Amino acid sequence: MHNLVIDIGNTYSKLAIFEQKKLIYFQQLERVEEQNLLQLITEYQIENSTVSSVSNTIENLETWLKAHTNYTRFNTKITGKIKNHYESPETLGLDRWAKVVAAHCLYQGQNTLMIDAGTCITYDVLTANNEYFGGSISLGLNMRFKALNHYTGRLPLVAWDKTQTEIEEGTNTNKAIKRGVLQGALNEIEGFIALEHKKNKNLKVVITGGDSVFLTKQLKNSIFAAQITHEPYLVLKGLNEVITL
């Protein structure tokens, strides 16, 4: 049995194919095209599908998937054994909830902090008792660079290389912006980890998202390094679990 899961984000869309719980195909793209989906469904003999989207305008995609697969509409009402204490579940991002579902299935019985470093940086905790009380939403790295340029008169829009391994000293304006954004985000992340560590013993930290590789490398010398796991497919794995709930 093969499952197709699609995560439509603010910047990119990601799709994956699972054979039960095993990821066998992954693709990141700017736009989901029906022709591409049809090719995958035929090649991999897809039976089931589901979608997480930051946009509410996916009716055409849902209709198409219903016609070609056994489609499950993903929403925050799909809870399984998770106790959702979020005050407005209808406004909770589906990608955030998919990560909670993934943590429940992958790290059962552990207090888990999920950090998603994408367009935004989100922080969500699932307790060892399978309780979810919400989390935090912060600016992503690119958003911070753009904000400094947009809201000031002279600061340039600085590009940065995600493959860099060190944060340079701020010896000129561009380097000062890079250092401020990147080190500031790292300090924020370490602060959230420390805060949750005080609340939840034996805390497991899972980092995902487009900027997660860079941030995980930077956190390798942190006092929390032993607790940190990099899981690039966390949302997709959560969506796959939903199909089997």
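The values are calculated or read from the model by the stated rules, or taken from the named source; none is laboratory data. Bear in mind the structure is a predicted one, so any value in this text is a computation, not a measurement. Glycine also receives a Cβ, built like all others from the backbone with ideal geometry; neighbour counts cover every protein chain displayed. When the accessible area is computed, the model is the full protein with side chains, heavy atoms only, and any ligands, DNA or RNA have been set aside. Shrake-Rupley method; radii C 1.70, N 1.55, O 1.52, S 1.80 Å.
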query: In this structure, does Tyr71 turn out to be more than 23 Å from the chain's Cα centre (by Cα) and either farther than 20 Å from Leu23 by Cβ or surrounded by 14 or more Cβ atoms within 10 Å (Cβ to Cβ) (or both)?
result: no
statement: Checking Leu245, Leu239 in turn, the sole residue that is modelled with pLDDT under 95 and of a type in the set (A, V, I, L, M) turns out to be Leu245
query: So, of the residues in the range 81-102 that are surrounded by 15 or more Cβ atoms within 10 Å (Cβ to Cβ) and of a type in the set (Gly, Ala, Ser), which turns out to be nearest to Asn130 (Cα to Cα)?
result: Ala102
statement: If we keep only residues of the range 10-31 that are of a type in the set (Lys, Arg) and surrounded by fewer than 14 Cβ atoms within 10 Å (Cβ to Cβ), then the residue farthest from Cys105 (Cα to Cα) is Arg31
- request: Looking only at the range 135-150, decide whether some residue is open to solvent by 30 Å² or more (accessible area, probe 1.4 Å) and closer than 29 Å to Met1 by Cα.
  value: no
task: Among residues belonging to the range 151-164 that are closer than 19 Å to Gln218 by Cα and in contact with a helix residue (DSSP H, G or I) (Cβ under 6 Å, 6 or more places away or on another chain), point out the one that is least open to solvent (accessible area, probe 1.4 Å).
output: Trp160
field: Hits in the range 191-232 (condition: open to solvent by 60 Å² or more (accessible area, probe 1.4 Å), in a helix (DSSP H, G or I) and more than 13 Å from Val125 (Cβ to Cβ))
entry: Val213, Lys217, Lys220, Asn221, Ala226
statement: Subset of the range 32-58, residues modelled with pLDDT under 90 and open to solvent by 80 Å² or more (accessible area, probe 1.4 Å), comes to Asn56, Thr57
statement: Over the range 171-223, the set of residues more than 27 Å from Tyr151 (Cβ to Cβ) and charged (D, E, K, R) is Glu196, Lys198, Lys199, Lys201, Lys204, Lys217, Lys220
task: Evaluate the range 166-173: report whether one residue or more is assigned to a helix (DSSP H, G or I) and not small (Gly, Ala, Ser).
output: yes
message: Suppose we keep only residues that are touching a residue at least 60 places away in the same chain (Cβ under 8 Å) and basic (Lys, Arg) within the range 200-234. Which one would you say is nearest to Ala98 (Cα to Cα)?
response: Lys204
